[in-house]
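Peer 1: Take this structure, written in structure tokens, and hold onto it; I'll ask about it next.
What follows draws every value from the coordinates through simple rules; no lab data is involved. Remember, it's a predicted structure, so these values are computed and weren't measured experimentally. All Cβ positions, glycine included, derive from the backbone under ideal geometry; neighbour counts span all protein chains shown.
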There are 4 protein chains.
Amino acid sequence: MEKIKVGILGATGSVGQKFIQLLSEHPYFEITSLAASERSAGKTYKDAVNWFMQTPIPEKISNIIVSTCVPNMDCKIVFSGLDAGVAGEIEEDFAKAGYAVISNSKNHRFDPDVPLMIPEVNSEHLELIKEQKYGKGFIITNPNCSTIGLSIPLKPIDDLFGIETVSVVTMQALSGAGYPGVSSLDIIDNVVPFIGGEEIKMETEPLKILGKYNNGKIEEAKINISAQCNRVAVIDGHLECVSVKLKKEATEDQIIECWKNFSGEPQKLNLPTAPKFPIHYFEQDNLPQPKLQRNIDKGMAVSIGRLRKCSILDYKFVILSHNTIRGAAGAAILNAELLAQKGLVG
Amino acid sequence: MEKIKVGILGATGSVGQKFIQLLSEHPYFEITSLAASERSAGKTYKDAVNWFMQTPIPEKISNIIVSTCVPNMDCKIVFSGLDAGVAGEIEEDFAKAGYAVISNSKNHRFDPDVPLMIPEVNSEHLELIKEQKYGKGFIITNPNCSTIGLSIPLKPIDDLFGIETVSVVTMQALSGAGYPGVSSLDIIDNVVPFIGGEEIKMETEPLKILGKYNNGKIEEAKINISAQCNRVAVIDGHLECVSVKLKKEATEDQIIECWKNFSGEPQKLNLPTAPKFPIHYFEQDNLPQPKLQRNIDKGMAVSIGRLRKCSILDYKFVILSHNTIRGAAGAAILNAELLAQKGLVG
Amino acid sequence: MEKIKVGILGATGSVGQKFIQLLSEHPYFEITSLAASERSAGKTYKDAVNWFMQTPIPEKISNIIVSTCVPNMDCKIVFSGLDAGVAGEIEEDFAKAGYAVISNSKNHRFDPDVPLMIPEVNSEHLELIKEQKYGKGFIITNPNCSTIGLSIPLKPIDDLFGIETVSVVTMQALSGAGYPGVSSLDIIDNVVPFIGGEEIKMETEPLKILGKYNNGKIEEAKINISAQCNRVAVIDGHLECVSVKLKKEATEDQIIECWKNFSGEPQKLNLPTAPKFPIHYFEQDNLPQPKLQRNIDKGMAVSIGRLRKCSILDYKFVILSHNTIRGAAGAAILNAELLAQKGLVG
Amino acid sequence: MEKIKVGILGATGSVGQKFIQLLSEHPYFEITSLAASERSAGKTYKDAVNWFMQTPIPEKISNIIVSTCVPNMDCKIVFSGLDAGVAGEIEEDFAKAGYAVISNSKNHRFDPDVPLMIPEVNSEHLELIKEQKYGKGFIITNPNCSTIGLSIPLKPIDDLFGIETVSVVTMQALSGAGYPGVSSLDIIDNVVPFIGGEEIKMETEPLKILGKYNNGKIEEAKINISAQCNRVAVIDGHLECVSVKLKKEATEDQIIECWKNFSGEPQKLNLPTAPKFPIHYFEQDNLPQPKLQRNIDKGMAVSIGRLRKCSILDYKFVILSHNTIRGAAGAAILNAELLAQKGLVG
């Protein structure tokens, strides 16, 4: 199969760099265009970027001339890692011009006709695209980094036992704040018990994600979620302490089993970025830990541990997921792979 | 007033060192004896200890000859920073021999006749001492470090509005694990979502602390507590994300006001180690933080922030307290000061 | 003695905040004016600043209205914590208008008539002020943070034995880069072997500092210095590995003794910010360490350890000094105290 | 080619774990035996080990029964990651019993008939084996972690221009201290300017490594090395600030070129663990950095940057190498691969 040409919006930012790193040897996609702000436009990528990934800039990328974010790029798909301040309008412009826009930004997540998609969880939401008014182009989005880590483990539980209530306290990694992001003076020997706008995302996005597609619309799930978000001195990997109240009774073994058996469209279609098992459950008391499990299945699997009874809700457990891979760039790429396999682009 | 002679059990350990640091210029107490394991006995303190406090060993302490932990020390009070593995029996031996034992260890916390005391919260529990069978000697204990930080803010709320349920997720400092404690390889760029034995302490100790003294006994409080404990890369200062369900309605302002007005015996008696205000409330979104607030009032005050509605329980908020001062050595010293002021020692 | 009114230029920056923290209870000085950029001017200090010191904003400072940096402030002395980009001209304007300008910025350090002063080392350089053409006003500067830590230990060695050559490799703290300064993503689990402009400062400033005042001029010292500067994940405290070649032979004991005996004008005049002993020498193999020694003598003393033979030059040793106190704000304040005691201001 | 059976001595320790991680899919070698202390003997490996590598225990290894370190293991080569306290004698026992002993321990490094080998640097030292008196068996060693990183860049310079003097200051990673190694309380927000025994290794080992093999002996190189070693809060990757004095003049370009062109036996023989280029030179001012370059070429390449004139010696520069791969387990494996390719085992 000939590779599909893709472009990256916000190519010099932290999400943009991660897109480039993950797409550089992709079997479906070939990066042909890079776009960023005026300041970078006209320069080669290697001159425009302050590259801080831990692998070097891919050879064939480094000399691409960066353009501005206007929809005359030679590609079919654009991955958007744009800041929320500018993403909304630019993404619409590209959709109107016929591009498939795969966005990691928050702006269109709650548009009623835009899928807020995690392919293992709600691939049927893709149907929403038909409702969009952009013509040939369209927009799909992936959730916030901390929401993805939470929603994947909730999905099989909700399917089997129903979820009423979710209490979650996060310990989130620094890479989630972008670059330069959090000052070292603010976080070494410290925790910051606040991340602007994060709690409301965690309390609302899962309702759309776990909602049912019905006749051109998503009916949101009825779950009561309360979130408390903290920033800790970890480079990559969000850890979440979760309690849930179920609608039906479930044993610990049933819950662990439903996690271990969980799998979705990406696994069925054998998508290149899909983890073999979306969820790994660990029996050891002190797992999962960011440093030890964040890279499992190339950072695309969610790790869970410490499932036990909660005296207030029903069960509590600990979730770990890689925030810039499973929770951002990898999530968007998996969305694009699903589109490609379904013949919706290219 | 002549100073009361005090001794320290477990003087070379991390809690022991903190006792020495905090007691070296104390207006009531004078350290006259130091005891530790066989390995240290017979050496001068400065030769026996691997001192890692950030102030030097007090001059007059450094040449005290360390003894073993047997009750023939020249002092009236012993502060115990012993490991739980040995604390139980040694502390009893000292009590039987007529010493006032001020323990930071867990062994006797749930003895029905031993106060589990935070002087601001339950100084009336001191009455329990009369029930002890040790003769002139007795044992009083302070709670676990993470419990103290939690119990102080709960007390005034419970008094005014009643507490039904508490959900707490902690991010605990490394000094809580003693020295050498947590390996740097385990915690840099990481979080460990497990601290052995900690959750059960947080779920049970507050029930005794907030219980009522009645006729020689403590009637435990009826509160349902669920705890999840994590270790983070912070040197000092435990942060706790808390949700509470109240028995009576309360507004945010009422809760903040009851915290700001909170005060107890140590403040009334003007005890030397007592914080002027046991609780400080911060209005800024991103406070309290370990690095910024842990040392308020010499580490003896608890800081709170982010009080807001919880969609599951009633309110959620963030607590910070210094785990080795308010949560350990400082707590024990405050207990001893209360005893001294009440004429129960000396 | 009536307190001397002082103002702070660059009051909202990291050095400015440190000035305020250190001056808030000063026996000689009273902060009456605060100046910063246009963006802050007109606001109360507490609204203009992103305060990140570990003690709260002093009460009486928080409501001062911030002005712009123009020389109509009601004070005699201005402390300048301005960025090098603007400091040069503003400081001259204040000197011309009759203010005593105590600068921590690099701009005027090498003006031939401006003292580059460490009061323990070269207080006689104050004579240079007479050469300045500003009228009643004048400028004095303190060296770069890493230079101060190096120059103090070199001074007594140079006086007694003469120094030919100095090789120094630094491990510098994050607070030296200001706020927000170094991104947490760049320094956690990392070292950055480069600090822009730092090495040349360390190789040239000591030559003026250790130079001789002679007839209105400084004759620079003839020492060959080679510096390599690194940024490490430490909040405060610069560590420096030094080797020196002497002109005359010296024993280890002689060198340690000359450090222990070292003292200067600030000690003689008993200046409030002066450390009792400017240099502390530690015998233990693994000292000094930033976390353990940076705060000695309120951060104004330099700690040294590990003096031993070097097979290339003559001796090697390790230096530690607090970069924002001894190396910046505290240094400037000590300069101002010297001026005040000598009757040169007020 | 049939795989050669290998065993690991000290299999549960940190170097042992790294051996297992690196050897689990090796084209030449197959792990058939694991040995450790009495405490572990008789257990399956997965039960005996506190595994803390970031990839899981290889499936086929986890159920191997651990034996004690006695020479009746079913293999031809043993890799030794034993502590220096026991390594000396045990390694001799295995050599006498006919095993090829590939040691990472320091005990036999200076035996006159034992190669202290870095295959790119001194593969001709293998001739020494013939001098050993162990019969069919023999011992070869690799240098200390910080020495390897230093010796590789020195080799091509020494060959072309001659080296007279080397001054080196290290900033070494935590993994070099083994597990649990350095307490988190000792290193977060800190640097420790001392590593026991490390400086003498760096000052002496390169002399043997860069020595000439001549008629059954090594004539040590005549280089004057002075080292200062520091421990920093980095997980993996030793950084070294180096100055060198050359015997002949060299330009910066000549030095960079000799590094870029450097290559040795492992590259010629295309050994599986050999880096394609043993040395990478970076032009950017702020490179190399542990986090960015430690994993280049699977951790087997040395990274260099910042070559510039030194005013005392001739040139200064910065070196980075992965201490547990290039500097320990990977080094030993490369030694074994060289032996295998030369037909000296199997």
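Peer 1: Put a label point 7 Å from Cα along the Cβ direction on B:LYS268, then list its distances to the equivalent points in the other copies in nm, shortest first.
Peer 2: Distances between equivalent label points, in nm: 5.9, 7.0, 8.9.
Peer 1: Another question, if that's okay. Most mobile of B:PRO153, B:PRO71, B:PRO180 per a Gaussian network model of chain B (Cα springs, under 10 Å)?
Peer 2: Among B:PRO153, B:PRO71, B:PRO180, the largest GNM mean-square fluctuation belongs to B:PRO180.
Peer 1: A follow-up question, please. Identify the residue of chain C whose Cβ lies closest to the rotation axis that maps chain C onto chain A, and give that distance in whole Å.
Peer 2: C:SER184, 2
Peer 1: Residue by residue, what Karplus-based ³J(HN,Hα) values in Hz, rounded to whole numbers, does region B:105-120 have, using 6.51, -1.76 and 1.60 with θ = phi - 60° and x for Gly and Pro?
Peer 2: 8, 7, 3, 9, 4, 9, 4, x, 9, 10, x, 9, 10, 10, x, 5
Peer 1: Out of the DSSP beta bridges found with both residues in chain A, what percent are antiparallel (nearest 5)?
Peer 2: Taking every DSSP beta bridge with both residues in chain A, the antiparallel ones total about 45 percent.
Peer 1: List the GluC sites (Glu not before Pro) in region B:14-66 that DSSP assigns to loop (not H, G, I, E or B) and whose Cβ has at most 10 other Cβ atoms within 10 Å. Which are they? Intermediate results must be reported in sequence, preceding the final value.
Peer 2: Working: sites: B:GLU25, B:GLU30, B:GLU38, B:GLU59; in loops: B:GLU25, B:GLU38.
Filter output for region B:14-66: B:GLU25, B:GLU38.
Peer 1: Could you list which residues have their amide H under 5 Å from that of B:ILE195, counting only those 5 or more apart in sequence or on another chain, with H placed in the peptide plane?
Peer 2: Under 5 Å from the amide H of B:ILE195: B:CYS229.
Peer 1: Can you give the FRET efficiency for C:LYS212 and C:ASP285, using 1/(1 + (r/R0)^6), R0 = 35 Å, r = Cβ-Cβ distance, to the nearest 0.05?
Peer 2: Rounded to the nearest 0.05, the efficiency is 0.40.
Peer 1: Another question, then. Any idea what the relative contact order of region B:60-142 is, in percent, if you count C-alpha pairs under 8 Å spaced at least 6 apart? Provide the component values of the computation, followed by the final result.
Peer 2: Details: 134 pairs, mean separation 25.9, N = 83.
About 31 percent, as a whole number.
Peer 1: Could you pull out which residues in region C:150-171 have an amide N less than 17 Å from a spot 7 Å beyond the Cα of C:GLN254, following the Cα-Cβ vector?
Peer 2: Answer for this model: C:154-165.
Peer 1: Taking neighbour counts of Cβ atoms within 10 Å as a proxy for exposure, in what order, fewest first, do D:MET53, B:MET202 appear? Display every interim value, and only then the final one.
Peer 2: Values: D:MET53 16, B:MET202 25.
Ascending Cβ contact count within 10 Å gives the list D:MET53, B:MET202.
Peer 1: In nm, one decimal, shortest first: how far is the label point of A:ILE200 (7 Å from Cα along Cα to beta carbon) from the matching points in the other copies?
Peer 2: Label-point distances to the other copies, shortest first: 4.3, 4.9, 6.5 nm.
Peer 1: Sum -39500 (n - 2.57) across every DSSP H segment of at least 4 residues in the protein assembly as shown, then divide by the residue count to get the 222 nm mean residue ellipticity, nearest 500.
Peer 2: Values: 48 runs with 388 residues, N = 1384.
Here the helix-only value at 222 nm equals -7500 deg cm²/dmol.
Peer 1: Same structure, new question: Which angle between 0 and 90 degrees, to the nearest 10, do you get for helix C:84-96 versus the longest principal axis of chain C when only C-alpha atoms count?
Peer 2: Tilt of helix C:84-96: around 60 degrees.
Peer 1: Under a Cβ-Cβ cut-off of 10 Å, what is the net charge of the residues other than D:GLY237 that fall near it, where Lys and Arg count +1 and Asp and Glu count -1?
Peer 2: Spelling it out: positives minus negatives among the neighbours equals +1.
Peer 1: State, to one decimal in nm and shortest first, how far the label point of C:LYS212 sits from each corresponding label point in the other identical copies (label point: 7 angstrom along Cα-to-Cβ).
Peer 2: Label point to label point, same position, other copies: 5.0, 8.7, 9.5 nm.
Peer 1: For region D:262-275, take each phi angle, set θ = phi - 60°, evaluate the Karplus expression 6.51 cos²θ - 1.76 cosθ + 1.60, and give the result in whole Hz per residue in order, putting x for glycine and proline.
Peer 2: So the Karplus estimates, Gly and Pro as x, are 5, 6, x, 3, x, 6, 4, 7, 6, 5, x, 8, 5, x Hz.
Peer 1: Give me the distance between the Cα centres of region D:310-345 and region D:63-120, rounded to whole Å.
Peer 2: 19 Å
Peer 1: Measuring from a point 7 Å past the Cα of D:ASP159 along Cα-to-C-beta, which residues in region D:235-260 have an amide N at less than 20 Å?
Peer 2: Answer for region D:235-260: D:244-260.
Peer 1: Moving to a separate point now. About the Cα centre, and with charges only on the beta carbon of Lys, Arg (+1) and Asp, Glu (-1), how big is the dipole of region B:145-322? Nearest 20 debye, please. The partial results should precede the final answer.
Peer 2: Values: 20 positive and 22 negative charges, 58 e Å.
For region B:145-322, the charge dipole is close to 280 debye.
Peer 1: Looking only at C:GLN293, C:GLN17, C:GLN254, which one moves most when chain C is put into a Gaussian network model with springs between Cα atoms under 10 Å?
Peer 2: C:GLN254
Peer 1: Can you give the extra length, in nm with one decimal, that the chain gains between D:ASP47 and D:ASN224 once fully stretched, where that is 0.36 nm per residue apart less the Cα-Cα distance?
Peer 2: That pair, D:ASP47 and D:ASN224, stretches by 58.9 nm at full extension.
Peer 1: With a 10 Å Cβ neighbour count serving as the proxy for reagent exposure, in which order, fewest first, do D:THR44, B:THR170, C:THR12 appear?
Peer 2: Lowest count first: D:THR44, C:THR12, B:THR170.
Peer 1: What net charge is computed for the residues neighbouring A:LYS5, neighbours being all others with C-beta under 9 Å from the C-beta of A:LYS5, Lys and Arg scored +1, Asp and Glu -1?
Peer 2: Values: positive: A:LYS3, A:LYS76; negative: A:GLU30, A:ASP74.
Result for the local shell: 0.
Peer 1: Given the pairs A:LYS18/B:LYS309; A:LYS60/D:LYS208; B:LYS130/B:LYS316; B:LYS96/B:LYS208; D:LYS316/D:LYS342; B:LYS76/C:LYS298, which are separated by over 32 angstrom at their Cα positions?
Peer 2: Among A:LYS18/B:LYS309; A:LYS60/D:LYS208; B:LYS130/B:LYS316; B:LYS96/B:LYS208; D:LYS316/D:LYS342; B:LYS76/C:LYS298, the Cα-Cα distance tops 32 Å for A:LYS18/B:LYS309; A:LYS60/D:LYS208; B:LYS130/B:LYS316; D:LYS316/D:LYS342; B:LYS76/C:LYS298.
Peer 1: Sticking with this one: Which one of C:GLY264, C:GLN254, C:VAL244 has its Cα pushed farthest toward the positive end of the charge dipole of region C:203-334, where Lys and Arg give +1 and Asp and Glu give -1 at the Cβ?
Peer 2: C:GLY264
Peer 1: A further question follows. Which GluC sites (Glu not before Pro) in region C:222-275 sit in a loop by DSSP (not H, G, I, E or B) and have at most 15 other Cβ atoms within 10 Å of their own Cβ?
Peer 2: C:GLU249
Peer 1: Taking the Cβ of D:THR44 as the center, what net charge do the other residues with Cβ under 15 Å away carry, scoring Lys and Arg +1 and Asp and Glu -1? Could you put the intermediate results ahead of the total?
Peer 2: On the way: positive: D:ARG39, D:LYS43, D:LYS46, D:LYS60; negative: D:ASP47, D:GLU59.
Surrounding charge for D:THR44 is +2.
Peer 1: If you rank A:HIS280, A:HIS322 by fewest surrounding Cβ atoms within 10 Å, what's the result?
Peer 2: Arranged by neighbour count, lowest to highest, A:HIS280, A:HIS322 become A:HIS280, A:HIS322.
Peer 1: Taking the C-alpha atoms of region C:220-337, how large are the radius of gyration and the largest Cα-Cα span, Dmax, in Å?
Peer 2: 14.9, 42
Peer 1: Ok, one more. Tell me, what is the percent relative contact order of chain B, built from C-alpha pairs under 8 Å that lie six or more residues apart?
Peer 2: The normalised contact order for chain B reaches 17 percent.
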